[in-house]
1. Keeping to the stretch A:112-136, report how many residues are open to solvent by less than 10 Å² (accessible area, probe 1.4 Å) and among the acidic types (Asp, Glu).
2. State all residues of the stretch A:27-50 that are in contact with a helix residue (DSSP H, G or I) (Cβ under 8 Å, 6 or more places away or on another chain) and closer than 15 Å to residue A:4 by Cα; if no residue qualifies, say none.
3. Inside the stretch B:312-355, can you point out the residues that are open to solvent by 10 Å² or more (accessible area, probe 1.4 Å), more than 10 Å from chain A (Cβ to nearest Cβ) and in contact with a helix residue (DSSP H, G or I) (Cβ under 7 Å, 6 or more places away or on another chain)?
4. Being hydrophobic (A, V, I, L, M, F, W, C) and under 29 Å from the mean Cα position of the chain (by Cα) is the filter here, so list the residues in the stretch B:1-39 that pass it.
5. Considering only residues that are within 14 Å of chain A (Cβ to nearest Cβ), β-branched (Val, Ile, Thr) and out of contact with any strand residue (DSSP E or B) (no Cβ under 7 Å at 6 or more places or on another chain), which ones fall in the stretch B:284-311?
6. So residue B:135 passes all but one of these: (1) touching a Gly at 6+ places or on another chain (Cβ under 8 Å); (2) in contact (Cβ under 8 Å) with a residue 40 or more places away in the chain; (3) among the hydroxyl-bearing types (Ser, Thr, Tyr). Which condition number does it fail?
7. If we keep just the residues of the stretch A:80-117 that are more than 12 Å from every other protein chain (Cβ to nearest Cβ) and in a loop (DSSP other than H, G, I, E, B), which is farthest from residue B:45 (Cα to Cα)?
8. Quick one: count up the residues across the stretch C:199-213 that are in contact (Cβ under 8 Å) with a residue 60 or more places away in the chain and open to solvent by 50 Å² or more (accessible area, probe 1.4 Å).
Amino acid sequence: MKNEDLQNIINGLGENLEFSTEESEFLNVLVPKEQLHTICSQLKSNKDLKFDYAFCITGMDWGKELGVIYHLNSTEFKHEIVVKVKTEDRENPTLDSVHDIWQTAEFHELEIYDFFGIKFNNHPKLRRLFLTPDWEGFPLRKDYVDEANMIIK
Amino acid sequence: MADQELETKIKTEEYFVNMGPQHPAAHGVLRLLLTIDGEIIKNVEPDLGYIHRSIEKMCERDSYQQIVHLTDRMDYLSSNINNEAVCLAVEKALEIEVSDRVKVIRTIISELTRIASHCLWWGVMGMDLGALTTYFYAFRDREYINDIFEETCGARLTMNYNAPGGLMFDIHPNFVKRTKDFIKHFKTKIPEYDRLVTGNVIFQKRTKGVGVLTKEDAISYGVTGPVARGSGLSSDVRKLHPYSAYDRVDFKEALLTAGDTFARYEVRIMELWESISIIEQLIDNIPEGEIKATTKAVIKLPKGEYYQRVEAARGELGVYINSTGTKNPYRVKFRSPGFSNLSVLNHITKGSKIADLVATMASFDFVIPDIDR
Amino acid sequence: MNFLIMNIPLNITSTIHDWIYSIMPETAASITIMVLIAVIYLALFAIIGLYLVLLERKVAAWFQLRLGPNRVGPWGIFQTIADALKLVSKELTSNDRIDKFLYNLAPYFVIVSTLIGISVFPFSKQFQAFDINIGLFFLFAVSSIGVIGILVGGWASNNKFALIGAMRSGLQTISYELSVGLSLLTMVLLTGTLQLSEIIEVQRTGGWLILQGHIPAIIAFMIFMIAGTAETNRAPFDLVEAESELGAGFHTEYSGMKFAYFFLAEFINMFIIASIAVVVFFGGWLSPFGITDGITWFPEVLWFLIKVVMIIILMMWFRWTFPRLRVDQLLTLEWKYLLPINLANLMFMAVIIWMNWTI
């Protein structure tokens, strides 16, 4: 399916969605964080979309906002989109978990929590996956400082 | 009914076992927190990070040429394929068209890497199931490939042969002959693998119907590579999104539907044959051409987001680069095959025995630095 | 006390025996002889153990495209002795909060039971320490004591992997003891005696038992080899120490000489199983077709050892080619296949003897 057709269908799923195809090979959809879970579940269940395969979930620090990028694929139609969600709350960033839609998210969300400190609502067991439980800070954030372990050129 | 009665009368108690980080079946430093009732697994909780080097953070401070060298250390068994992924991403961003020669050589070396990786997997799989001899058979054959690599680029494992825009240097004059010799040798050895392990009754009993992953679960868990193909999920990046010279070779995607450990085993053995066939199609007519397209000394990617995927030995390796137009990437994410594949482990081993967990893990072919990055 | 000592038949070498009796009083002499025999058997135990380890390593190397040990002495023949010295000189470490008494006791259980085991074998007509009329029965009884050592060791180690290994060992030995027993019982029907020297005498006239009993004897031999391999906890039945699952199984927490005891006992157990097979199926120290019967100086013990080594190599072959069974498959094999086949085979053998179809 063409990106324009995808955009038309997805546009009907929620409000205030921002689309862009610039600077990327995929159709990018910026979803307001309140609608993340409903839109994602519709992306999967809609019979024309069927985005059932989340092949890459990336945590992101845009400097001002934190967020998550979902690369989605449909194993049936082979079309792909990128869903982005942002939150401006850097102190206590919270997003909805999508692990009930794509089970792989359970693990990726642990990784994102570990490195970006984004908390996911309804996640079965949010814990430090890579780092020790008493680790302070979230290393992949841009404002993370660790003078002992980081060499900055 | 009688069994149920018995189960309610006999009180059993669950207990925790720390499998790893130092454990023979952990293939490195994977730590699994097992909840066990007798021999039966109730829950598997992976605890990672014992070899985490934060490559993604390191990438943010390095130049694009340097990033290539970091990727070697992720999945060290398919190091060349990882290098290729980053190079392809950078080339895609800069819109550099590499010469046919580079494409063909990259494909051949990647397939040799895949064979070497699958050889090691085969040896370790046998070892995890208790057949120790397989390890040495596999290493005998893997040694040929490592020698070829050593001759061409000086390194045996972490090769650093690719660079953005092409290759570091041309292939060694002996490369073609030695690769052909190896193919000839290896064709007689895969049947030997089959005779030693595949047909063995104990091996089949241990693997058939063990760790069954359905296609629906494979999709939902984002599984890729031989694990997905064993469950009937077509996920071969070489077919779906051809890169390098894969669009000009004729090969079949190994696809089985059983979804158990044996199917994953068979898929990998089939992939060995396919890799041989790909190399045979390319090795005789490597086109002449430039070995490296000219790139600037300081590579700056245009502002934007780039996603490049390749088929590593364990599955789809995705490289996500977010560039703001400077000489360093703003964010690099490696979508490693092992990490997604690991997420399904708890789901498919629940309720099976400890020995099944080991067999299933062996068929997943984890490389821990690939999971930890 | 005196009565007991005097009744043990000691027929190793009558000359030494007579000489010792001539120079000291009777009781002292029998004690001296017993000590001498014990020393000889201990030495035998160590030599067999160490050289079986070396043989295993060499056989493994041949299977695996390697050379094996070849640095210490010619063909590496002193390698395992060097290893043993290393193990002896190592510090004995142990876990925190172990059951000290049981932890230290366990290796002795294993080693003593194997030592008693080898004492009853007729290595040759003269070379036998302890020829009792219930020889075979005694061997079963003694060889299953070893598992107590493994259970105790696994329990006392305060390690969950060791405990799982020990529990597996328990169920494995209980199951496979049956098959070992029944397959040998099938052969006892043929010999009519349990005494090991008598069993060999039966074969002197009628040919080796595996020939005399033909079909059921061959089935019994195959079952015995499978069950025997399981009894010794070797691959493909090495679930007890299954390294890819349990690390090192029941001996995870043992080090130094205590570990070496377990390790040596495994190899001596293999020797015992092979020796039973040789005595019961292949004529013990008898030469094939009586080719050395006329030669009086020929050491018959050589035939015994050759046969034993061949069976041991067969068991090593299993180990280096087969994958390991899972615990429920192990039990299925025993209770659903080996045991019914064995019982049917026993009946079959009885019929054959009744109808006088033996060769």
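The values are calculated or read from the model by the stated rules, or taken from the named source; none is laboratory data. A quick note: this is a predicted structure, and the numbers were derived from the prediction, not measured. Every residue, glycine as well, gets a Cβ built from its backbone with ideal geometry; the counts of neighbours run over all protein chains shown. These accessible areas exclude ligands, DNA and RNA; they are computed on the full protein's heavy atoms, side chains included. Shrake-Rupley method; radii C 1.70, N 1.55, O 1.52, S 1.80 Å.
1. Adding up the residues that qualify gives 1.
2. A:27, A:29, A:48, A:49
3. Those that are open to solvent by 10 Å² or more (accessible area, probe 1.4 Å), more than 10 Å from chain A (Cβ to nearest Cβ) and in contact with a helix residue (DSSP H, G or I) (Cβ under 7 Å, 6 or more places away or on another chain): B:348, B:353.
4. Quick first cut of the stretch B:1-39, residues hydrophobic (A, V, I, L, M, F, W, C) only: B:1-2, B:6, B:10, B:16-17, B:19, B:25-26, B:29-30, B:32-34, B:36.
The answer is B:17, B:19, B:25, B:26, B:29, B:30, B:32, B:33, B:34.
5. Keep residues of the stretch B:284-311 that are within 14 Å of chain A (Cβ to nearest Cβ), which gives B:298, B:301-311.
Next, from what is left, pick out any that are β-branched (Val, Ile, Thr): B:298, B:310.
Once the filter is applied, which keeps residues that are within 14 Å of chain A (Cβ to nearest Cβ), β-branched (Val, Ile, Thr) and out of contact with any strand residue (DSSP E or B) (no Cβ under 7 Å at 6 or more places or on another chain), the stretch B:284-311 yields only B:298.
6. (2)
7. A:88
8. From the stretch C:199-213, those in contact (Cβ under 8 Å) with a residue 60 or more places away in the chain are C:199-200, C:203-204, C:206-213; that's our starting set.
Then drop every residue that is not open to solvent by 50 Å² or more (accessible area, probe 1.4 Å), which leaves C:204, C:208, C:211.
Of the residues in the stretch C:199-213, 3 are in contact (Cβ under 8 Å) with a residue 60 or more places away in the chain and open to solvent by 50 Å² or more (accessible area, probe 1.4 Å).
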